[in-house]
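Following: one structure in structure tokens, then a few remarks.
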Amino acid sequence: MLEIRPAVRNDVDLLRTLIHEMGEYERLPVSITAETLARDGFGPRPEFRVLIADLDNQPAGYAFFFNCYSTFRGRGLFLEDLFVRPKFRGKKVGDALLSHVAAVARDAT
């Protein structure tokens, strides 16, 4: 069963692992620390939000996004990362994450 849920502070280590996996896939260096993620995402003024996808009670992927502002359109969301672990690809996990991000954006307007 696929579940999409907001990340919580206890997910910081998982989130860092997923970010590193995406960095490896994209062949990009990753320097983010668990401490930085905890401070910036789960403190009094979160700088970003994350949705975690769990498929059959296993972490399958994540969507990382934050508020932005357009001079042409006003408030919005910027999707920074959408990542699905290789063994979960082709199972509509990415589609579900993207749909949930879109719902968050619609609800914010």
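For the reader, a short list of remarks on this structure follows.
- Any hit, the stretch 18-30, residues being modelled with pLDDT of 95 or more and closer than 23 Å to Ala108 by Cα: no
- The selection criterion, being surrounded by 15 or more Cβ atoms within 10 Å (Cβ to Cβ), out of contact with any helix residue (DSSP H, G or I) (no Cβ under 8 Å at 6 or more places or on another chain), part of a helix (DSSP H, G or I) and among the hydrophobic types (A, V, I, L, M, F, W, C), does not hold for Leu37.
- Note on the stretch 86-109: among residues that are among the β-branched types (Val, Ile, Thr) and out of contact with any strand residue (DSSP E or B) (no Cβ under 6 Å at 6 or more places or on another chain), the one that is surrounded by the fewest Cβ atoms within 10 Å (Cβ to Cβ) is Thr109.
- All conditions but one from (1) touching a helix residue (DSSP H, G or I) at 6+ places or on another chain (Cβ under 6 Å); (2) over 22 Å from Ala96 (Cβ atoms) apply to Glu24; the one that does not is (1).
The values are calculated or read from the model by the stated rules, or taken from the named source; none is laboratory data. What you see is a predicted model, and the numbers here were worked out from it, not measured in a lab. Here Cβ is always computed from backbone atoms with ideal geometry, including for glycine, and neighbour counts include all displayed protein chains.
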